[in-house]
Amino acid sequence: MARRFIVEADGGSRGNPGPAGYGAVVRDADTGMIIAEAAEFIGHATNNVAEYRGLIAGLRAAHDLDPDAAVDVRMDSKLVVEQMSGRWKIKHPDMQPLAAEARTVFPRAQVAYTWIPRERNKDADRLANEAMDAGKAGRAWEPKARPAAPAAEEELPAPAAPKAGWAAPADLGTPTTLVMLRHGETALTPQKRFSGSGGTDPELSEKGRWQAERAAEALAARGTVQAVVSSPMQRTRQTAEAVARRLGLEVRIEDGLRELDFGAWEGLTFAEVQQQYPEDLDAWLGSAKARPTGSSESFTTLTHRSGVARDKILARYPGKTVLVVSHVSPIKTLVRLALGAPPDAVYRMELSAASLCAVQYYADGNASLRLLNDTSHLR
(Lines give C-alpha, C1' and ligand atoms only; values in the text may rest on other atoms or scores of the structure.)
Protein backbone atom coordinates (compact mmCIF):
# COMPACT_ATOMS: atom_id res chain seq x y z
CA MET A 1 0.00 0.00 0.00
CA ALA A 2 1.11 3.57 -0.68
CA ARG A 3 2.25 5.58 2.30
CA ARG A 4 -0.12 8.23 3.62
CA PHE A 5 1.00 11.65 4.79
CA ILE A 6 -0.70 14.59 6.45
CA VAL A 7 0.64 18.00 5.39
CA GLU A 8 -0.19 20.92 7.66
CA ALA A 9 0.80 24.31 6.20
CA ASP A 10 0.43 27.96 7.09
CA GLY A 11 1.82 31.38 6.22
CA GLY A 12 1.70 34.83 7.70
CA SER A 13 2.51 38.44 7.00
CA ARG A 14 3.11 41.12 9.62
CA GLY A 15 1.37 44.00 7.90
CA ASN A 16 -0.36 42.14 5.05
CA PRO A 17 1.57 42.92 2.97
CA GLY A 18 4.65 43.02 5.13
CA PRO A 19 7.50 40.80 6.39
CA ALA A 20 6.22 37.28 5.66
CA GLY A 21 7.09 33.65 6.22
CA TYR A 22 5.63 30.18 5.98
CA GLY A 23 5.74 26.91 7.89
CA ALA A 24 4.77 23.33 7.08
CA VAL A 25 4.97 19.92 8.71
CA VAL A 26 4.57 16.43 7.25
CA ARG A 27 3.13 13.74 9.51
CA ASP A 28 2.96 10.00 9.07
CA ALA A 29 -0.80 9.44 8.84
CA ASP A 30 -0.71 6.15 10.76
CA THR A 31 1.24 7.41 13.78
CA GLY A 32 0.80 11.18 13.75
CA MET A 33 4.56 11.59 14.09
CA ILE A 34 6.11 14.68 12.48
CA ILE A 35 8.65 13.37 9.96
CA ALA A 36 9.55 16.57 8.13
CA GLU A 37 9.42 20.32 8.69
CA ALA A 38 9.89 23.33 6.43
CA ALA A 39 9.89 27.07 7.08
CA GLU A 40 11.28 30.17 5.41
CA PHE A 41 11.24 33.96 5.61
CA ILE A 42 10.15 35.16 2.15
CA GLY A 43 10.52 38.92 2.49
CA HIS A 44 7.68 41.35 1.77
CA ALA A 45 4.46 39.52 0.82
CA THR A 46 0.78 39.05 1.66
CA ASN A 47 -0.76 36.42 3.92
CA ASN A 48 -2.19 34.54 0.93
CA VAL A 49 1.14 34.37 -0.88
CA ALA A 50 2.81 33.11 2.29
CA GLU A 51 0.09 30.47 2.75
CA TYR A 52 0.55 29.21 -0.80
CA ARG A 53 4.31 29.12 -0.33
CA GLY A 54 3.80 27.05 2.82
CA LEU A 55 1.56 24.65 0.91
CA ILE A 56 4.15 24.20 -1.84
CA ALA A 57 6.93 23.61 0.69
CA GLY A 58 4.85 21.03 2.56
CA LEU A 59 3.95 19.17 -0.63
CA ARG A 60 7.58 19.15 -1.75
CA ALA A 61 8.72 17.82 1.62
CA ALA A 62 6.16 15.01 1.37
CA HIS A 63 7.18 14.30 -2.24
CA ASP A 64 10.82 14.00 -1.18
CA LEU A 65 9.80 11.33 1.31
CA ASP A 66 7.64 9.33 -1.11
CA PRO A 67 6.40 10.57 -4.52
CA ASP A 68 3.76 7.81 -4.58
CA ALA A 69 2.20 8.72 -1.23
CA ALA A 70 -1.40 9.77 -0.69
CA VAL A 71 -1.45 13.23 0.90
CA ASP A 72 -4.09 14.89 3.06
CA VAL A 73 -3.41 18.65 3.17
CA ARG A 74 -4.88 20.48 6.16
CA MET A 75 -4.85 24.28 6.35
CA ASP A 76 -6.76 26.97 8.23
CA SER A 77 -6.85 29.09 5.06
CA LYS A 78 -10.35 28.66 3.63
CA LEU A 79 -9.19 30.50 0.49
CA VAL A 80 -6.35 28.11 -0.32
CA VAL A 81 -8.35 24.98 0.52
CA GLU A 82 -11.34 26.00 -1.61
CA GLN A 83 -9.18 27.17 -4.54
CA MET A 84 -6.98 24.07 -4.56
CA SER A 85 -10.08 21.86 -4.26
CA GLY A 86 -11.42 23.52 -7.40
CA ARG A 87 -14.52 25.00 -5.78
CA TRP A 88 -13.38 28.63 -5.95
CA LYS A 89 -11.83 30.40 -8.93
CA ILE A 90 -8.33 31.83 -8.61
CA LYS A 91 -8.61 35.41 -9.80
CA HIS A 92 -5.63 37.16 -8.19
CA PRO A 93 -2.56 37.18 -10.47
CA ASP A 94 -0.23 36.52 -7.53
CA MET A 95 -2.15 33.35 -6.61
CA GLN A 96 -2.47 31.75 -10.04
CA PRO A 97 1.18 30.74 -10.60
CA LEU A 98 1.51 29.54 -7.00
CA ALA A 99 -1.58 27.32 -7.31
CA ALA A 100 -0.29 25.99 -10.62
CA GLU A 101 3.07 25.19 -9.02
CA ALA A 102 1.39 23.39 -6.10
CA ARG A 103 -0.53 21.19 -8.54
CA THR A 104 2.68 20.04 -10.22
CA VAL A 105 4.18 18.45 -7.09
CA PHE A 106 1.83 15.44 -6.92
CA PRO A 107 -0.75 14.08 -9.36
CA ARG A 108 -4.10 15.62 -8.41
CA ALA A 109 -5.65 12.26 -7.50
CA GLN A 110 -3.07 11.77 -4.73
CA VAL A 111 -3.91 14.97 -2.82
CA ALA A 112 -7.00 15.92 -0.79
CA TYR A 113 -7.62 19.27 0.91
CA THR A 114 -9.36 19.84 4.24
CA TRP A 115 -10.01 23.08 6.12
CA ILE A 116 -9.22 22.99 9.85
CA PRO A 117 -9.65 25.63 12.57
CA ARG A 118 -6.59 27.73 13.37
CA GLU A 119 -6.10 26.09 16.76
CA ARG A 120 -5.57 22.74 15.01
CA ASN A 121 -2.81 24.12 12.82
CA LYS A 122 -0.50 25.24 15.61
CA ASP A 123 2.66 23.49 14.43
CA ALA A 124 2.64 25.10 10.99
CA ASP A 125 1.71 28.47 12.49
CA ARG A 126 4.57 28.19 14.98
CA LEU A 127 7.05 27.47 12.21
CA ALA A 128 5.81 30.42 10.14
CA ASN A 129 6.35 32.74 13.10
CA GLU A 130 9.77 31.24 13.77
CA ALA A 131 10.70 31.97 10.15
CA MET A 132 9.47 35.58 10.41
CA ASP A 133 11.36 36.06 13.67
CA ALA A 134 14.51 34.68 12.05
CA GLY A 135 14.08 37.00 9.07
CA LYS A 136 13.67 40.00 11.37
CA ALA A 137 16.94 39.04 13.07
CA GLY A 138 18.68 38.73 9.72
CA ARG A 139 19.25 35.00 9.82
CA ALA A 140 17.86 31.91 8.14
CA TRP A 141 15.36 29.67 9.93
CA GLU A 142 16.83 26.49 11.39
CA PRO A 143 14.78 23.51 12.64
CA LYS A 144 14.75 22.78 16.33
CA ALA A 145 14.98 19.34 17.88
CA ARG A 146 11.62 17.58 17.62
CA PRO A 147 9.89 15.95 20.61
CA ALA A 148 9.84 12.17 20.82
CA ALA A 149 7.33 10.29 18.71
CA PRO A 150 3.88 9.84 20.26
CA ALA A 151 2.91 6.55 21.82
CA ALA A 152 1.11 4.14 19.49
CA GLU A 153 -2.26 4.64 21.13
CA GLU A 154 -2.13 8.39 20.53
CA GLU A 155 -2.53 7.76 16.80
CA LEU A 156 -3.45 10.70 14.60
CA PRO A 157 -3.31 14.21 16.03
CA ALA A 158 -5.98 15.72 13.77
CA PRO A 159 -8.76 13.30 14.79
CA ALA A 160 -7.50 13.39 18.38
CA ALA A 161 -9.79 14.15 21.30
CA PRO A 162 -11.09 17.71 21.48
CA LYS A 163 -10.06 19.61 24.59
CA ALA A 164 -11.85 18.75 27.80
CA GLY A 165 -13.94 21.30 29.65
CA TRP A 166 -16.80 21.44 32.14
CA ALA A 167 -18.66 24.03 30.10
CA ALA A 168 -17.82 26.18 27.09
CA PRO A 169 -17.54 29.95 27.66
CA ALA A 170 -20.54 31.91 26.43
CA ASP A 171 -18.53 33.89 23.89
CA LEU A 172 -17.72 30.78 21.86
CA GLY A 173 -21.12 30.93 20.22
CA THR A 174 -23.49 28.14 19.25
CA PRO A 175 -21.84 24.72 19.17
CA THR A 176 -22.09 22.39 16.19
CA THR A 177 -24.04 19.29 17.19
CA LEU A 178 -23.55 15.94 15.51
CA VAL A 179 -26.50 13.62 16.15
CA MET A 180 -25.14 10.21 15.14
CA LEU A 181 -27.63 7.55 14.07
CA ARG A 182 -26.59 3.96 13.53
CA HIS A 183 -28.39 2.41 10.56
CA GLY A 184 -31.36 0.10 11.05
CA GLU A 185 -31.06 -3.68 11.06
CA THR A 186 -30.08 -5.78 8.04
CA ALA A 187 -30.44 -9.56 7.80
CA LEU A 188 -26.93 -9.84 9.31
CA THR A 189 -27.49 -7.57 12.32
CA PRO A 190 -29.50 -9.86 14.65
CA GLN A 191 -27.03 -12.67 13.93
CA LYS A 192 -24.16 -10.34 15.00
CA ARG A 193 -22.18 -11.03 11.85
CA PHE A 194 -19.31 -8.81 10.73
CA SER A 195 -20.69 -6.49 8.07
CA GLY A 196 -18.28 -3.85 6.85
CA SER A 197 -17.47 -1.93 3.70
CA GLY A 198 -15.87 -4.93 2.03
CA GLY A 199 -18.84 -7.27 2.14
CA THR A 200 -22.16 -7.62 0.33
CA ASP A 201 -23.50 -4.15 1.26
CA PRO A 202 -26.86 -5.50 2.53
CA GLU A 203 -30.03 -3.42 2.51
CA LEU A 204 -32.30 -2.81 5.47
CA SER A 205 -34.54 -5.65 6.55
CA GLU A 206 -38.24 -5.11 7.17
CA LYS A 207 -37.48 -4.45 10.83
CA GLY A 208 -34.63 -2.13 9.82
CA ARG A 209 -36.99 -0.06 7.68
CA TRP A 210 -39.40 0.15 10.61
CA GLN A 211 -36.55 1.31 12.86
CA ALA A 212 -35.54 3.98 10.34
CA GLU A 213 -39.09 5.33 10.27
CA ARG A 214 -39.27 5.43 14.07
CA ALA A 215 -35.99 7.35 14.15
CA ALA A 216 -37.36 9.73 11.53
CA GLU A 217 -40.49 10.36 13.62
CA ALA A 218 -38.43 11.05 16.75
CA LEU A 219 -36.03 13.43 15.00
CA ALA A 220 -38.88 15.26 13.26
CA ALA A 221 -40.58 15.73 16.63
CA ARG A 222 -37.42 17.30 18.06
CA GLY A 223 -37.26 19.67 15.11
CA THR A 224 -33.57 20.52 15.48
CA VAL A 225 -31.83 18.69 12.62
CA GLN A 226 -30.74 21.08 9.84
CA ALA A 227 -28.69 18.76 7.60
CA VAL A 228 -28.28 15.04 6.94
CA VAL A 229 -24.95 13.39 6.11
CA SER A 230 -24.59 9.66 5.45
CA SER A 231 -22.11 6.90 4.84
CA PRO A 232 -22.30 5.67 1.22
CA MET A 233 -23.34 2.13 2.24
CA GLN A 234 -26.84 1.02 1.18
CA ARG A 235 -28.14 0.45 4.73
CA THR A 236 -27.06 3.91 5.91
CA ARG A 237 -28.39 5.67 2.82
CA GLN A 238 -31.77 3.97 3.26
CA THR A 239 -31.87 5.01 6.92
CA ALA A 240 -30.78 8.58 6.12
CA GLU A 241 -33.31 8.91 3.30
CA ALA A 242 -36.14 7.88 5.62
CA VAL A 243 -35.24 10.73 7.99
CA ALA A 244 -34.50 13.24 5.21
CA ARG A 245 -37.91 12.64 3.60
CA ARG A 246 -39.64 13.37 6.90
CA LEU A 247 -37.57 16.52 7.46
CA GLY A 248 -37.65 17.80 3.87
CA LEU A 249 -33.85 17.71 3.60
CA GLU A 250 -31.35 16.24 1.15
CA VAL A 251 -28.81 13.56 2.03
CA ARG A 252 -25.15 14.43 1.60
CA ILE A 253 -22.81 11.43 1.21
CA GLU A 254 -19.48 11.36 3.06
CA ASP A 255 -17.23 8.41 2.20
CA GLY A 256 -15.21 8.72 5.42
CA LEU A 257 -18.25 7.59 7.44
CA ARG A 258 -18.35 4.08 5.91
CA GLU A 259 -17.84 1.02 8.09
CA LEU A 260 -14.46 -0.65 8.59
CA ASP A 261 -13.44 -3.20 5.94
CA PHE A 262 -13.47 -6.56 7.75
CA GLY A 263 -11.76 -8.49 4.94
CA ALA A 264 -12.13 -12.24 5.24
CA TRP A 265 -14.27 -11.84 8.36
CA GLU A 266 -17.17 -10.32 6.40
CA GLY A 267 -20.35 -12.32 7.04
CA LEU A 268 -18.85 -14.36 9.90
CA THR A 269 -19.88 -14.29 13.55
CA PHE A 270 -17.35 -13.48 16.28
CA ALA A 271 -17.26 -17.16 17.25
CA GLU A 272 -16.56 -18.21 13.66
CA VAL A 273 -13.73 -15.68 13.36
CA GLN A 274 -12.32 -16.87 16.69
CA GLN A 275 -12.31 -20.43 15.37
CA GLN A 276 -10.92 -19.71 11.90
CA TYR A 277 -8.54 -16.78 12.57
CA PRO A 278 -7.69 -16.92 16.30
CA GLU A 279 -4.26 -15.27 16.10
CA ASP A 280 -5.43 -12.46 13.84
CA LEU A 281 -8.44 -11.80 16.07
CA ASP A 282 -6.25 -11.61 19.19
CA ALA A 283 -3.94 -9.17 17.43
CA TRP A 284 -6.91 -7.04 16.30
CA LEU A 285 -8.36 -6.88 19.79
CA GLY A 286 -4.94 -5.99 21.20
CA SER A 287 -3.82 -3.22 18.84
CA ALA A 288 -5.53 -0.40 16.96
CA LYS A 289 -2.97 -0.91 14.17
CA ALA A 290 -3.87 -4.56 13.54
CA ARG A 291 -6.12 -5.35 10.57
CA PRO A 292 -8.77 -8.03 10.12
CA THR A 293 -7.55 -10.89 7.95
CA GLY A 294 -7.39 -9.74 4.31
CA SER A 295 -8.40 -6.16 5.13
CA SER A 296 -6.54 -3.00 4.17
CA GLU A 297 -7.87 -1.12 7.23
CA SER A 298 -7.12 -0.97 10.93
CA PHE A 299 -8.85 1.06 13.62
CA THR A 300 -5.98 3.53 13.23
CA THR A 301 -6.83 4.15 9.58
CA LEU A 302 -10.54 4.26 10.38
CA THR A 303 -9.81 6.83 13.11
CA HIS A 304 -8.02 8.96 10.55
CA ARG A 305 -10.78 8.97 7.94
CA SER A 306 -13.57 9.31 10.53
CA GLY A 307 -11.77 12.29 12.03
CA VAL A 308 -11.33 13.88 8.61
CA ALA A 309 -15.03 13.32 7.87
CA ARG A 310 -15.95 14.89 11.21
CA ASP A 311 -13.80 17.94 10.51
CA LYS A 312 -15.36 18.37 7.06
CA ILE A 313 -18.85 18.31 8.58
CA LEU A 314 -17.90 20.78 11.32
CA ALA A 315 -16.43 23.13 8.73
CA ARG A 316 -19.44 22.89 6.42
CA TYR A 317 -22.15 23.28 9.09
CA PRO A 318 -20.82 25.57 11.86
CA GLY A 319 -23.32 26.15 14.65
CA LYS A 320 -25.89 23.74 13.18
CA THR A 321 -27.35 20.39 14.22
CA VAL A 322 -26.35 17.69 11.74
CA LEU A 323 -27.66 14.14 11.56
CA VAL A 324 -24.77 11.79 10.80
CA VAL A 325 -25.93 8.33 9.70
CA SER A 326 -23.13 5.80 9.99
CA HIS A 327 -22.06 2.46 11.46
CA VAL A 328 -20.91 0.98 14.75
CA SER A 329 -17.15 1.49 14.28
CA PRO A 330 -17.11 5.11 13.02
CA ILE A 331 -19.68 6.25 15.60
CA LYS A 332 -17.88 4.56 18.49
CA THR A 333 -14.63 6.10 17.26
CA LEU A 334 -16.06 9.64 17.16
CA VAL A 335 -17.54 9.17 20.63
CA ARG A 336 -14.28 7.92 22.09
CA LEU A 337 -12.36 10.80 20.46
CA ALA A 338 -14.80 13.28 22.00
CA LEU A 339 -14.16 11.70 25.40
CA GLY A 340 -10.40 11.49 24.96
CA ALA A 341 -10.64 7.76 25.69
CA PRO A 342 -7.99 5.21 24.60
CA PRO A 343 -8.44 3.18 21.39
CA ASP A 344 -9.65 0.05 23.17
CA ALA A 345 -12.61 2.01 24.58
CA VAL A 346 -14.52 1.12 21.40
CA TYR A 347 -14.76 -2.46 22.71
CA ARG A 348 -16.54 -1.18 25.83
CA MET A 349 -19.44 0.57 24.09
CA GLU A 350 -22.75 -0.89 22.99
CA LEU A 351 -24.52 0.68 20.02
CA SER A 352 -27.84 -0.89 19.09
CA ALA A 353 -29.30 -0.75 15.59
CA ALA A 354 -30.97 2.63 14.93
CA SER A 355 -29.60 4.05 18.19
CA LEU A 356 -28.74 7.73 18.63
CA CYS A 357 -25.64 9.43 20.05
CA ALA A 358 -24.92 13.16 20.16
CA VAL A 359 -21.76 15.22 20.58
CA GLN A 360 -21.49 19.01 20.67
CA TYR A 361 -18.33 20.73 19.37
CA TYR A 362 -17.33 24.28 20.34
CA ALA A 363 -15.21 26.81 18.50
CA ASP A 364 -12.22 26.35 20.82
CA GLY A 365 -12.10 22.58 20.26
CA ASN A 366 -14.07 21.54 23.34
CA ALA A 367 -16.46 18.63 22.91
CA SER A 368 -19.35 17.44 25.07
CA LEU A 369 -21.00 14.01 24.79
CA ARG A 370 -24.75 14.57 25.23
CA LEU A 371 -26.28 11.21 24.30
CA LEU A 372 -25.15 7.59 23.95
CA ASN A 373 -27.05 4.59 22.55
CA ASP A 374 -30.51 6.12 22.91
CA THR A 375 -33.17 3.66 21.68
CA SER A 376 -36.21 5.20 23.40
CA HIS A 377 -37.80 5.91 20.00
CA LEU A 378 -37.89 2.17 19.27
CA ARG A 379 -39.98 1.19 22.30
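The values are calculated or read from the model by the stated rules, or taken from the named source; none is laboratory data. The structure presented is a predicted model; accordingly, all values stated were derived computationally and were not measured. Every residue, glycine among them, receives a Cβ derived from its backbone with ideal geometry; neighbour counts consider all protein chains shown.
Things worth noting here:
- Any hit, segment 315-332, residues being more than 24 Å from R74 (Cβ to Cβ) and without any contact (Cβ under 8 Å) to a residue 40 or more places away in the chain: no
- Any pair with Cβ under 9 angstrom, 6 or more apart, that starts in segment 169-190 at a residue that is not assigned by TED's automatic domain parsing to the domain that holds V229 and ends at one that is at pLDDT 95 or above: none
- For segment 222-236, the tally of residues that are in contact (Cβ under 8 Å) with a residue 24 or more places away in the chain and part of a helix (DSSP H, G or I) stands at 3.
- Residues satisfying the stated conditions in segment 319-333, i.e. surrounded by fewer than 23 Cβ atoms within 10 Å (Cβ to Cβ) and either within 18 Å of R370 (Cβ to Cβ) or acidic (D, E) (or both): G319, K320, T321, V322
- If you go through segment 230-254 and keep only what is β-branched (V, I, T) and touching a helix residue (DSSP H, G or I) at 6+ places or on another chain (Cβ under 6 Å), you end up with T239, V243, V251.
- The residues of segment 96-125 that are within 25 Å of H44 (Cα to Cα) and at pLDDT below 90 amount to a single one, R118.
- Selected residue (only one of Y317, Y361 is touching a Pro at 6+ places or on another chain (Cβ under 9 Å), at negative phi and among the aromatic types (F, W, Y)): Y361
- Which numbered condition R291 fails, given (1) touching a Gly at 6+ places or on another chain (Cβ under 8 Å); (2) farther than 17 Å from F194 by Cα; (3) of a type in the set (K, R): (2)
- Within the option set I34, I56, being among the β-branched types (V, I, T) and either modelled with pLDDT under 90 or in contact with a Cys (Cβ under 8 Å, 6 or more places away or on another chain) (or both) holds for one residue only, I34.
- Residues in segment 248-273 that are closer than 15 Å to H327 by Cα, touching a residue at least 40 places away in the same chain (Cβ under 8 Å) and either surrounded by fewer than 19 Cβ atoms within 10 Å (Cβ to Cβ) or not assigned by TED's automatic domain parsing to the domain that holds S296 (or both): D255 alone.
- So W141, is it in a loop (DSSP other than H, G, I, E, B) and crowded, with 20+ Cβ neighbours inside 10 Å: yes
- Condition check for E279 on (1) farther than 23 Å from S355 by Cα; (2) assigned to a loop (DSSP other than H, G, I, E, B): one failure, at (2).
- Close contacts from segment 67-88, counting a first residue that is closer than 21 Å to D364 by Cα and modelled with pLDDT of 90 or more and a second that is among the acidic types (D, E) and not in a loop (DSSP other than H, G, I, E, B), with Cβ to Cβ under 6 Å and a gap of 6+ residues or different chains, come to R74/E8; S77/E51.
- Cross-chain or 6+ apart pairs with Cβ under 6 Å, segment 361-379 first and farther than 30 Å from W210 by Cβ and surrounded by 15 or more Cβ atoms within 10 Å (Cβ to Cβ), then aromatic (F, W, Y) and modelled with pLDDT under 95: A367/Y361
- Sole exception among (1) free of Cβ contacts under 8 Å to residues at least 40 places away in the same chain; (2) β-branched (V, I, T); (3) buried (at least 17 other Cβ atoms within 10 Å of the Cβ) for T300, by number: (1)
- Residues in segment 20-37 that are in contact (Cβ under 8 Å) with a residue 40 or more places away in the chain and farther than 20 Å from M95 by Cβ: V25, R27, A29, D30, T31, G32, M33, I34, E37.
- When A353, A338, A358, A309 are checked against the criterion of being buried (at least 22 other Cβ atoms within 10 Å of the Cβ), among the hydrophobic types (A, V, I, L, M, F, W, C) and out of contact with any helix residue (DSSP H, G or I) (no Cβ under 7 Å at 6 or more places or on another chain), a single residue qualifies: A338.
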